[in-house]
Amino acid sequence: MKYARDAKPSLNSDQTAQLLFEALPWIKSLTGRTVVIKYGGAAMVDAKLRSDVMSDILLLKIIGARIVIVHGGGAAINEALKHYDLPVEFKDGQRVTTPEAMEIVREVLVGKVNQELVAAINQHGNVAVGVSGSDAGTIVAEQLDPGLGRARYLAAHRRPNGQFEEQRADE
C-alpha cells in the first residue's frame with residue numbers, strides 16, 4: 001500500500017462504524033496534541049516492522065496529532081564506526097562517544113538514518129520533514145554522565161523545543 005486511500009477494507013460497514021465509534025475518544029484526545037515518539041531498535045532494522053510503524057505514524061498525523069520522532073540509530077552507528085576503524089565502547093549498556101566518533105555519529109543520524117525515516121514515512125504520503133536535534137535548538141538536553149561522551153546529551157533528560165515544534169506543525 002502506497003497511500004491510505006489505496007487500502008482495501010477488510011471489515012464490513014457495520015464493523016467499520018463500530019471500530020470508529022470506539023476509537024473516537026482516543027482520536028479526540030490526540031487531535032491537535034504533540035506526540036513525541038522514541039523510535040529505535042528492531043523497529044528500525046526490520047523492513048516490515050518499519051513499514052507498519054510508519055503507517056501507524058501516518059495515521060496519527062491524519063487524525064490531527066503533531067508527530068515528533070526522536071530516533072536512534074545504534075546499528076548504523078556501530079557499522080560506520082567499524083568502517084572507520086574506531087572502537088565501539090559501552091558503559092552500563094550505553095555507548096561511550098568520543099569527540100572523534102561524534103562527527104561520524106552526527107553524519108549517520110542526520111545524513112543517513114533521518115533521511116531514511118523521512119523517505120519511509122513519505123512512501124505513505126508526503127507529510128514528513130527531517131530535522132536534526134541541533135537545528136534551531138529543537139531538542140534541549142543536559143548531560144547526566146560526562147563519562148559517556150558528547151552523544152549522551154541526547155540520552156539524558158531531553159525535551160522538545162515547543163516553540164520550534166509549534167511552528168513546524170502549523171506548516
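Things worth noting here:
- Rounded percent of accessible protein surface that carbon and sulfur make up, segment 69-136, 1.4 Å probe: 52 percent
- Solvent accessible area, Å² - V127, 1.4 Å probe, full protein context: 70 Å²
- Under-5 Å amide H pairs with Y39, H placed in peptide plane, nonlocal only: V70, H71, G72
- Entries of K48/K82; K28/K91; K61/K82 with Cα pairs more than 32 Å apart: K28/K91; K61/K82
- The residues L117, L49, L20, sorted by heavy-atom accessible surface at 1.4 Å with ligands and nucleic acids left out, run L20, L49, L117 from largest to smallest.
- Here the extension length gained between L86 and S132 equals 14.2 nm, from 0.36 nm per residue of separation less the Cα-Cα distance.
- Averaged over its residues, segment 45-142 has an accessible area of 56 Å² per residue, based on protein heavy atoms and a 1.4 Å probe.
- Of the trypsin sites (Lys or Arg not before Pro) found in segment 1-106, those that fall in a DSSP loop while having at most 13 other beta-carbon atoms within 10 Å are K2, R33.
- Mean shadow area of segment 39-80, taken as a quarter of the surface of its Cα convex hull (nm²): 3.1 nm²
- Tail weight of P(r) past 15 Å, computed on alpha-carbon pairs of segment 65-131, percent: 56 percent
- Annotation: for a label point projected 7 angstrom from Cα along Cα→Cβ of A17, no residues of segment 61-96 have a backbone N closer than 19 Å.
- Cβ-derived FRET efficiency at R0 45 Å, E142 paired with L24, nearest 0.05: 0.70
The values are calculated or read from the model by the stated rules, or taken from the named source; none is laboratory data. All of these numbers come straight from a predicted model, not from anything done at the bench. Here Cβ is always computed from backbone atoms with ideal geometry, including for glycine, and neighbour counts include all displayed protein chains. When the accessible area is computed, the model is the full protein with side chains, heavy atoms only, and any ligands, DNA or RNA have been set aside. Shrake-Rupley method; radii C 1.70, N 1.55, O 1.52, S 1.80 Å.
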